[in-house]
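Inspection log for the structure reproduced underneath, given as structure tokens.
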Amino acid sequence: MTVSIQIKDGQLIENADEEKTLLEILLSAGEFVDNPCNGMGKCGKCKVRILEGDCSEISDDERKRLKPQDLDSGVRLSCLARPTSDLTLELMQKKLEHKVLTTGKMPKFKKDEGLIGYGFAIDIGTTTVVATLVNLETGEQLSSPSDINAQKHYGLDVLTRITYEYEHGEDGIIDLQKAIVDSLNELMLSACKQSSVSIEQIENINVAANCTMMHMLLGVDARSIGKAPYQPAFKEAKEIPAKEIGLKGSDDCVLYCLPHVSSYIGADIVAGAYVCEMHKSNDNELFIDIGTNGEIVLAKCGKLFSCSCAAGPALEGMNISSGMRAAAGAIEDVHIFTDEIKLDTIGDKKPEGICGSGILAVIRELVVNEFIQKSGVFIKPDRLADDDWRKKFIRMNGTKRELMMCEDPEIIVSQSDVRQVQMAKGAILSGFMALLNEAGIDMEDLDKVFIAGQFGAHLSVDSLVGSGILPACVQDKLVYVGNSSKTGAYMTLMSKKVKEEIETLATEIDYLELSNLENYDRLYSDCMLFPQF
């Protein structure tokens, strides 16, 4: 059976399958619906309001995640509701403009002579994608359009997208490849239009990405990355005709994919280590890219060690009660004073939710002002003195304690939110400590700590140290290097020597599997504890 779905002030979707969820129908029709949990019914963010018509019975999971007033007004979770008649519905989210990092540290290097035409240096992140149009003759970067990774419809993190491949087999692999290829083509066409360049003039496309994203770009089965022994189908650099996977360009356009170290230390991290010249340094240096995974490289006098830790999506604003991506209206910094909570939002807009840098700033303030204990547990307001200024900011939600940040709209930080960040902090810091132990050096021996990536660029030293992700002894050693992944792709586009050196570097970085370390569980538990000031 099929039904028709009319979206308020929007398109009419005809012949929608009653067997599919509203989320599946809306995404297939190209509508924007935020669904961080990939339609698993866990995040509660894919809300729609039914104005006319009927849906399947309200499930227990919906009752847990929706307020009574939402249910009374026809709100449903689109991932759990199926149409049982023709519908008119209202989408409750709007597509937001996002801040995407397109620049970064650029070391000196010699470009090849005799290059002609145009090329693209591309960084494919799990969350964002950047495509920079380059004049190969001059090396000038002409334009750098960016967007959210279109694979977000299939999950916000690599493991959820791999799960999609498990659930849908070859069709899933095709879906994920098509999403990213179509997205890249749109970005490249946009960049060409901005610079009055024909897409047929594109001779080379060089891509840096994590290992899973690279598999999905090439249409290679990524399922082996998601299960023990977590081996990728390939690690080496790849060079193929761009049109082989549907990318636009000249008839002879070549796609070059940078090399990887392991399933979870990908080409983006190899590029970053190269850009920071860690292999040439005689110092002790740490490189960290913080996202849904925390990838870390440690250099001890030119010898490189690496590891990856599953930080989860909390640090990007997901799996958080009032979480959202870094877009206009997202709270990006917080300061708690005795009489007020000051919120700084992206674009100075009315608060709509809290993004990754914001949730880390909240945790910093909770730690510094002793709202939470070393274990991460909120203090009990009934045990505070009547004149304790913190008491008015802690709200009881049944038996649960939470920080009330904003009333309109309601934005809170719950005990569960603190726990999500705490687990991410423990994962990152334990990876940091494990590499130091492997190299036989102490924290105080570090000379530099490079902070890379989209998320890291928006984290202040105060938040990194105040939340305990990084220890206080390195706060004067932090160097922000921006989008080093795209920079690495750009450098390989301009120099065969750089390309060769990056391929060699990928084979020389040792990878440490944290789960195989003796007493790692103990180290992780210790690293989850919050600092005391």
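Summary of values
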quantity: Karplus (6.51, -1.76, 1.60) ³J(HN,Hα), θ = phi - 60°, over region 20-34, in Hz, Gly and Pro reported as x; calculated: 8, 6, 4, 4, 4, 5, 5, 5, 4, 8, x, 7, 8, 9, 5
quantity: Mean Cβ neighbour count within 10 Å, used as a protection proxy, ranking 469-481, 319-331 highest first; calculated: 319-331, 469-481
quantity: Relative contact order %, the chain, counting alpha carbon pairs below 8 Å whose residues are six or more apart; calculated: 14 percent
quantity: Apportionment of accessible area to carbon and sulfur, the chain, percent (1.4 Å); calculated: 45 percent
quantity: Between region 329-390 and region 197-223, the Cα center-to-center distance that results, in Å; calculated: 41 Å
quantity: Span-like helix ranges in the chain, DSSP H, alpha carbon extent 20 angstrom or more, Kyte mean at least 0.0; calculated: 415-439
quantity: Amide proton proximity set for Gly482, modelled H, under 5 Å, gap of 5+; calculated: Lys105, Gly453
quantity: Considering only region 195-350, percent of DSSP beta bridges that pair antiparallel, nearest 5; calculated: 85 percent
quantity: Heavy-atom accessible area per residue - region 353-433, 1.4 Å, Å²; calculated: 41 Å²
quantity: Share antiparallel - DSSP beta bridges, the chain, percent rounded to 5; calculated: 70 percent
quantity: Amide H within-cut-off set for Asn149, under 5 Å, with H built and near neighbours excluded; calculated: Thr128, Val129
quantity: Amide H partners (placed H, <5 Å) of Ile13, local residues excluded; calculated: Ile5, Gln6, Ile7
quantity: Centroid-to-centroid separation of region 1-70 and region 471-533 [C-alpha atoms, Å]; calculated: 40 Å
quantity: Dipole magnitude of the chain about its Cα centre (Cβ charges: Lys, Arg +1; Asp, Glu -1), debye to nearest 20; calculated: 740 debye
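The values are calculated or read from the model by the stated rules, or taken from the named source; none is laboratory data. Only a predicted model underlies this, so the values are computations on that prediction, with no experimental measurement involved. Here the Cβ is made from the backbone with ideal geometry for all residues, glycine too, and neighbour counts use every protein chain on show. These area figures cover heavy atoms from the full protein model, side chains too; ligands, DNA and RNA do not enter into them. Shrake-Rupley method; radii C 1.70, N 1.55, O 1.52, S 1.80 Å.
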